[in-house]
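Below is one structure, written out as structure tokens; the observations come after it.
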Amino acid sequence: MTTVTNPVKPRTTEESPRPRRRLLGRFFRAATSSVAATLLSQAALLTVLALGGAPWLASAFAFAAGAVLNFFLTRRWVWGRRGRPEVGRELLPYVVVISLGGLASVGLTTLTGHLLAPLALPHVWWVVLIDGAYVFSYALVFLVKFTMLDRFVFARGAARIPATTSRS
């Protein structure tokens, strides 16, 4: 009886010709989940503003609503994590990263509110401009936030497990 072995070494992620494609896939999924979280936070922001809430309160409420949805979407869909989140390795670093982005958003939204106050704009235009500042601030911090989440928070995810088989 003859035993046949495969002399080809299994590929790892580092040797794979597709690490850039995987990164782009994660980036696309992160952007998509961020859009979903932004839509939820937009609904929250516009609701609070329409009810006469202050820009800082509206953006803080919107940030919290989007952050919760985004955590669960990105954890599972973008970085392939399942099960209960590890508080020290995932949840707390995630909160720090997104809080920095949230502070930037709240700050820019509040600054925009202060700059618009002397203009005595109709309420509809005031809401539209505040909302624009909120969305613009999130677009600015998305790349930094994605990089920090990818490199520091979810670096040990299922998407990072080395490939042990070659394509057939």
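Just so you know, all these numbers are worked out from the coordinates, no wet-lab data involved. Model, not experiment: these values are computed from the prediction.
Potential lengthening of the chain between Leu119 and Arg151 amounts to 7.2 nm, from the contour at 0.36 nm per residue minus the alpha-carbon distance. Against the empirical curve 2.2 N^0.38 Å, the C-alpha radius of gyration of the stretch 20-156 lands at a ratio of 1.11.
List every residue whose amide H lies under 5 Å from the amide H of Arg81, counting only residues 5 or more places away in sequence or on a different chain, with H placed 1.01 Å from N in the peptide plane. Placed amide hydrogens put Arg76, Ala158 under 5 Å from Arg81. For the stretch 20-156, the relative contact order is 28 percent, taking Cα pairs closer than 8 Å that sit 6 or more residues apart in sequence and dividing their mean separation by the residue count.
Using a cutoff of 8 angstrom between alpha carbon atoms and counting only pairs six or more residues apart, the relative contact order for the stretch 18-76 works out to 40 percent.
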